[in-house]
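Here's the structure, in structure tokens; my notes come after.
The values are calculated or read from the model by the stated rules, or taken from the named source; none is laboratory data. In this text the structure is predicted, and so the values were computed from the model without any measurement. Backbone-built Cβ (ideal geometry, glycine too); neighbour counts: all protein chains shown.
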Amino acid sequence: MVNQQQYYILKQGVAVWNQWRKEHPEILPDLSGVSLIKANLISADLSRTDLSRASLSRIDLSESDLREVNLSSAILYRANLNQTNLSKANLSLVFLVRSELIRANLSGANVRGANLSKVDLYRADLMFADLTGTDLSEANLSGAYLNGAFLYRANLGYADLSEADLSGTILDEANLRGAIYAEEQLSQAKSSNNMIR
């Protein structure tokens, strides 16, 4: 449940919040279930914060520190997460439809069962991310780094994978129907059994 005192500090703005985080590095903020629709939180330090089940549609979190954040089951429709650091974040079951994650770092993130349909992940770092059962239909993954990513049963239908690095990627039972990619990219994948093409 959201910590009202911490929520009040965040509502005072990013500068106040970031200063509070610096002064209290031992505190893991609890903003679970919070509503921050259309909030401007550019460059916010939300690392290790619990934002599970939060309503964050149209939020601007560009260039924010979201390392190890918990965004499980959160709603981020049309959110701006360009150049954010989401390494080792929990994004399981998150709703990110039509959001922007251009050049975002999602390395090692848990994105299992999430809805990333029509998301822009241009040149995003998804190395070693777990995308099991994730919906990436019509997503822009051009130039993305998917080295070692786990895409078992992921839906990549009509996704743009042009120039994406698929070295060591697990694509078992993934749906690539209508996706844009070169055959040599798939040859770099570690495993690509029973794919739907």
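Restricting to the stretch 1-38, give me the number of residues that are part of a loop (DSSP other than H, G, I, E, B) and either of a type in the set (D, E, K, R) or within 24 Å of ASN110 (Cβ to Cβ) (or both). Here the count works out to 14.
Residue by residue, here is whether (1) among the charged types (D, E, K, R); (2) surrounded by 22 or more Cβ atoms within 10 Å (Cβ to Cβ) holds:
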site	(1), (2)
LEU93	no, no
SER99	no, yes
VAL111	no, yes
LYS118	yes, no
MET127	no, no
LEU131	no, yes
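For residues in the stretch 68-77 being in contact with a strand residue (DSSP E or B) (Cβ under 6 Å, 6 or more places away or on another chain) and within 12 Å of ASN90 (Cβ to Cβ), which is surrounded by the most Cβ atoms within 10 Å (Cβ to Cβ)? Give the derivation first.
Of the residues in the stretch 68-77, the ones in contact with a strand residue (DSSP E or B) (Cβ under 6 Å, 6 or more places away or on another chain) are 70, 72, 75.
Narrowing further to those that are within 12 Å of ASN90 (Cβ to Cβ): 70, 72.
On the way: ASN70: 23, SER72: 21.
In this case the residue turns out to be ASN70.
Here ILE59 meets the list (1) surrounded by 19 or more Cβ atoms within 10 Å (Cβ to Cβ); (2) touching a Ser or Thr at 6+ places or on another chain (Cβ under 6 Å); (3) among the hydrophobic types (A, V, I, L, M, F, W, C); (4) over 23 Å from ASP130 (Cα atoms) almost entirely, failing just condition (2).
Looking at the stretch 167-189, can you tell me whether even one residue there is of a type in the set (Gly, Ala, Ser) and either touching a residue at least 40 places away in the same chain (Cβ under 8 Å) or assigned to a strand (DSSP E or B) (or both)? Spell out how you get there, then give the answer.
From the stretch 167-189, those of a type in the set (Gly, Ala, Ser) are 167-168, 174, 178-179, 182, 187, 189; that's our starting set.
Then drop every residue that is not either touching a residue at least 40 places away in the same chain (Cβ under 8 Å) or assigned to a strand (DSSP E or B) (or both), which leaves none.
No: the stretch 167-189 contains no residue that is of a type in the set (Gly, Ala, Ser) and either touching a residue at least 40 places away in the same chain (Cβ under 8 Å) or assigned to a strand (DSSP E or B) (or both).
Name every residue in the stretch 89-111 that is over 15 Å from LEU146 (Cβ atoms) and within 10 Å of the chain's Cα centre (by Cα), in order of residue number. Listed by number, the residues that qualify are ALA89, ASN90, LEU91, SER92, VAL94, PHE95, LEU96, SER99, GLU100, ASN110.
Out of ASP45, ASP65, report the one residue that is modelled with pLDDT of 95 or more, buried (at least 18 other Cβ atoms within 10 Å of the Cβ), of a type in the set (Asp, Glu) and within 25 Å of ASN140 (Cα to Cα). Show your work before the answer.
On the way: ASP45 fails: within 25 Å of ASN140 (Cα to Cα).
The match here is ASP65.
Pairs are defined by a Cβ separation below 8 Å, a sequence spacing of at least 6 or placement on different chains, a first member in the stretch 77-106 that is at positive phi, and a second member that is of a type in the set (A, V, I, L, M); the pairs so defined are ARG78/VAL97; GLN83/ILE102; GLN83/ALA104; LYS88/ALA109; LEU93/ALA114; ARG98/VAL119; ARG103/ALA124.
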